[in-house]
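First comes the structure, then the notes that go with it.
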């Protein structure tokens with residue numbers, strides 16, 4: 001069987017599935033979009049104000065997004081500021097193409113582990 005006709009490697013498929021799962025909630029999509037559009041680290045309070053969802057809910061969503069490395073956390077004393085992980089977000093369309101059997105573009109290079 002041609003390698004492109006078979007399924008993705010299980011490890012890669014699991015990594016990509018975690019990315020899709022992380023974006024399977026509208027609030028998390030809003031948070032990723034907000035951080036990408038602002039282009040700067042934001043506090044939880046700023047994110048709460050922008051997406052109009054409670055602080056504990058936003059914090060839970062940020063935890064999910066940071067686990068798959070869509071967002072990165074900068075600690076400043078007791079405060080945490082979240083920023084978009086440009087490398088990981090740039091890989092997402094490539095992952096979608098690979099899952100759908102489309103050829104992967106030459107760039108960006110996207111390691112399955114999401115290393116950045």
Requested in this report: Along Cα→Cβ, 7 Å out, is where each label goes; now give me the distance between the ones at residue 99 and residue 33 in nm to one decimal.
Outcome: 1.8 nm
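How do 102, 28, 83 line up, fewest other C-beta atoms within 10 Å first? Walk me through the numbers before you get to the answer.
On the way: 102 11, 28 22, 83 16.
Fewest-to-most Cβ neighbours within 10 Å comes out as 102, 83, 28.
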Query raised in the report: What is the list of residues in the range 51-82 whose amide nitrogen lies under 11 Å from a point 7 angstrom out from the Cα of residue 43, following Cα to Cβ?
Result: 78-81
Query raised in the report: In the range 7-99, what is the volume of the convex hull around the alpha carbon atoms, normalised per residue and reported in Å³?
Result: 93 Å³
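Evaluate the relative contact order of the range 33-95 (contact order divided by residue number), counting alpha-carbon pairs under 8 angstrom at least 6 apart; express in whole percent. Walk me through the numbers on the way to the answer.
Working: 64 pairs, mean separation 22.4, N = 63.
Relative contact order, the range 33-95: 36 percent.
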Report task. For residue 57 and residue 11, compute 0.36 nm times the residue count separating them, minus their Cα-Cα distance, and round to one decimal in nm. Result -> 13.6 nm
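Values quoted throughout were computed directly from the atomic coordinates according to the rules given, and no laboratory measurement underlies them. Small disclaimer: the values here were computed from a predicted structure and weren't measured. Every residue, glycine as well, gets a Cβ built from its backbone with ideal geometry; the counts of neighbours run over all protein chains shown.
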